[in-house]
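A quick write-up on the structure given underneath.
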Amino acid sequence: MSIRPLLILLLASPAFAEPDAVARAQELLRRAGHEKEAEARYRLADEARAVAEQAVGAQPKNAAAHLELARALAIADPAHPEQCRPKMCERAVEVLLKARAVDEQKLEAEHVAFELGIVYSRLGRFPEALAEYETARRLVPSERDANGLDDEPVSRSILYSNSAETLMALGRIPEAIARYRLARDTVRPLLPLGEMAWELAEWGLGVALDRDDQLEAAHTSIASALEHDPNMRHLQDDDVFFEPAGEQFYYLALGHEVAGDREEAVESWQKYLASADARYSRRARVHLDALKKGGAAGPDRARVVAQNVEMWGAGRRIEDLRAQVGEKLVDARRCYLRALRVHPALKGQVGLAIEIFPQGFVRPPVHVLEPTFLDDKLVRCLQHTVEAWRFGSSDGGGPVSLLLRLNFEGAK
């Protein structure tokens, strides 16, 4: 799995006076990154491309203008983040190589190399992608001005993870394992700031260890990732993509298997084996055969019901939020089913206090209020699950507060 920060935050360009056209292209791409529908995202990307092309025409030696043009060309369908539109990746490579050629002061060298790594990965040109990630890693400054996500260890961790995934695509598993460990350990001191980069490094490490037949160590890494991302939402984020695309099913299958979600694990292993490039099919079949020989799944009639949903703040409609919460309760139910395997009679209620940013992100931590059951693992699973929820962008106003009262009704 490779990480492509759509919002251009983790590897943002250095702060210097930019032409207005470049800044406008960046803003359009930022907005495109929030869009969940391909048509809307492409429309904004094409606007950004037109603006960047004007900037390139006016200042052909402006590397930043070329860089934004390449980013606009390479923007992907949210449903298929592993690929560009037809012929767009190839053109993005040409533009990025031009940016490198005109960048005499090397102001954009790190970012050009990173983008080339992403585009080469999407094209399946893994040796070239690996070389570019290595170049970008050497160019990450040893010190940056701290400004949130734009932090040197996080950037370095992403580059380690992306190069590790590329090594795995090349069949160089021991090197991938070592690189994933570097990715994880580089960002660990930044937790919780670098939590997503750390989690994804743990996911990648677990998969690589599994493919190296280090089963106990693989289980440990996957279990560690699940503690923070129990519903594996970060494996399905817009800024994460898999090459080849079927790789995602291997990650999901291993996660469900470690979590004890037998039916979901079987389904994901089957999808992986049916994918176009299931190069690790031997390991997948070993997992699938073991699951098929296992016992029946746990209770399948357990229900989680939103008894009450209240909102404070402006910019969202309570009816929309209630509908979105209802759709997301499948995640809470998965937490509940896992708890029922240990405590079959577990029932009760819990309150959750949530703050939602205008962009749709949930602000951590989610506060748990007055649970009527004693199961710390279920509580933690619910917290991490809800923190990964994503709502649509609001029509205005600031953050809104949401109070949920959930009923866990057990199997009937």
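The values are calculated or read from the model by the stated rules, or taken from the named source; none is laboratory data. Please read all numbers here as calculations on a predicted model, not as lab measurements. Every residue, glycine among them, receives a Cβ derived from its backbone with ideal geometry; neighbour counts consider all protein chains shown.
Out of all the residues in segment 107-120, is one or more over 16 Å from GLU68 (Cβ atoms), in a helix (DSSP H, G or I) and not aliphatic (A, V, I, L, M)? Yes, segment 107-120 contains at least one residue that is over 16 Å from GLU68 (Cβ atoms), in a helix (DSSP H, G or I) and not aliphatic (A, V, I, L, M). Check whether at least one residue in segment 285-308 is within 26 Å of ASN162 (Cα to Cα), under 22 Å from the mean Cα position of the chain (by Cα) and surrounded by 15 or more Cβ atoms within 10 Å (Cβ to Cβ), and report yes or no. Checked against the condition, which is being within 26 Å of ASN162 (Cα to Cα), under 22 Å from the mean Cα position of the chain (by Cα) and surrounded by 15 or more Cβ atoms within 10 Å (Cβ to Cβ), segment 285-308 yields no hits at all.
Within segment 385-398, the set of residues being part of a loop (DSSP other than H, G, I, E, B) and buried (at least 18 other Cβ atoms within 10 Å of the Cβ) comprises ALA388, TRP389, PHE391, SER394. Annotation note: of ILE356, ILE318, the sole residue that is free of Cβ contacts under 8 Å to residues at least 12 places away in the same chain, over 18 Å from ARG303 (Cβ atoms) and in contact with a strand residue (DSSP E or B) (Cβ under 9 Å, 6 or more places away or on another chain) is ILE318.
So which of LEU321, LEU406, LEU382 is assigned to a strand (DSSP E or B) and either among the aliphatic types (A, V, I, L, M) or not assigned by TED's automatic domain parsing to the domain that holds GLU227 (or both)?
Going through LEU321, LEU406, LEU382 in turn, the sole match is LEU406.
Among residues of segment 84-101 that are farther than 12 Å from ILE118 by Cα, those with a beta-carbon under 6 Å from a residue that is not aliphatic (A, V, I, L, M) at least six positions away or on a different chain give the pairs VAL95/HIS66; LYS98/HIS66; ALA99/HIS66.
State yes or no: is LEU29 in contact (Cβ under 8 Å) with a residue 12 or more places away in the chain, assigned to a helix (DSSP H, G or I) and under 24 Å from LEU235 (Cβ atoms)?
Answer is yes for this residue.
Of all residues in segment 192-212, those being at pLDDT below 95 and outside any helix (DSSP H, G or I) number 3. The single residue among GLY255, GLY246 that is under 25 Å from ARG125 (Cβ atoms), in contact (Cβ under 8 Å) with a residue 24 or more places away in the chain and surrounded by 18 or more Cβ atoms within 10 Å (Cβ to Cβ) turns out to be GLY246.
Of the residues making up segment 344-366, those that are outside any loop (DSSP other than H, G, I, E, B) and either in the same structural domain as ALA259 (by TED's automatic domain parsing) or closer than 18 Å to VAL304 by Cα (or both) number 7.
Of the set (1) in a helix (DSSP H, G or I); (2) within 14 Å of VAL119 (Cα to Cα), all apply to ALA65 but (2).
Of all residues in segment 276-295, those being part of a loop (DSSP other than H, G, I, E, B) and within 18 Å of ALA208 (Cβ to Cβ) number 4.
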